[in-house]
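Heads up: the structure comes next, in structure tokens.
The values are calculated or read from the model by the stated rules, or taken from the named source; none is laboratory data. Keep in mind the model is a prediction, meaning the values are calculated, not measured. With ideal geometry, Cβ positions are generated from the backbone for all residues, glycine too; neighbour counts draw on all protein chains shown. For accessibility, only protein heavy atoms count, side chains too; no ligands or nucleic acids. Shrake-Rupley method; radii C 1.70, N 1.55, O 1.52, S 1.80 Å.
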Amino acid sequence: QVHLVESGGGLVQAGDSLRVSCAASGRTFSTYAVGWFRQAPGKERDLLAAISPLGGSTYYADSVKDRFTISRDNTKNTLYLQMNSLKPADTALYYCAASRSAAILPVSNYAYWGQGTQVTVSS
């Protein structure tokens, strides 16, 4: 079992940066892949970025590549998402999720979810 708690969301202006965090507990953090998803009102929840257990492999969706950076600190059991050059289209509820395994894909591997943190980008 894995328990996840996100933090760091908020209201920012277009072009600003923001870092959201996800604190994990339960299973040994360094043994599973983790990722960030987001869901805007009326839209599906999409995978934005994912990282392998020791950080050697990452995945980014095209929509955030070159703007967002995923990282993890296994000594602190914490996952991060650094978001730069934010746009109003990035407004959504951001979730962290833990995979059942070390594999960062497919999305169906992600079985444990946080409650989400809201990110709102004003124009």
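A few comments on the model shown:
- In the range 48-69, the residue that is nearest to A97 (Cα to Cα) out of those that are polar (S, T, N, Q) and assigned to a loop (DSSP other than H, G, I, E, B) is S52.
- Qualifying residues in the range 64-74 (those that are of a type in the set (S, T, N, Q) and free of Cβ contacts under 8 Å to residues at least 24 places away in the same chain) - the one least open to solvent (accessible area, probe 1.4 Å): S71
- Count of the range 1-27 residues which are part of a loop (DSSP other than H, G, I, E, B) and exposed (fewer than 13 other Cβ atoms within 10 Å of the Cβ): 3
- Listed by first and then second residue, the pairs with beta-carbon distance under 8 Å, at least 6 apart or on different chains, first residue in the range 41-62 and farther than 15 Å from N109 by Cβ and open to solvent by less than 20 Å² (accessible area, probe 1.4 Å), second assigned to a loop (DSSP other than H, G, I, E, B) and of a type outside the set (K, R), are L48/A61; L48/S63; L48/V64.
- Check on Y32, in contact with a strand residue (DSSP E or B) (Cβ under 8 Å, 6 or more places away or on another chain), open to solvent by 50 Å² or more (accessible area, probe 1.4 Å) and among the aromatic types (F, W, Y): no
- Scoring S30 on the criteria (1) in a loop (DSSP other than H, G, I, E, B); (2) at pLDDT 95 or above; (3) over 19 Å from T117 (Cα atoms) leaves a single failure, condition (1).
- Scanning the range 75-93 for residues that are open to solvent by 50 Å² or more (accessible area, probe 1.4 Å) and in a loop (DSSP other than H, G, I, E, B), we see that the one that is nearest to L105 (Cα to Cα) is N77.
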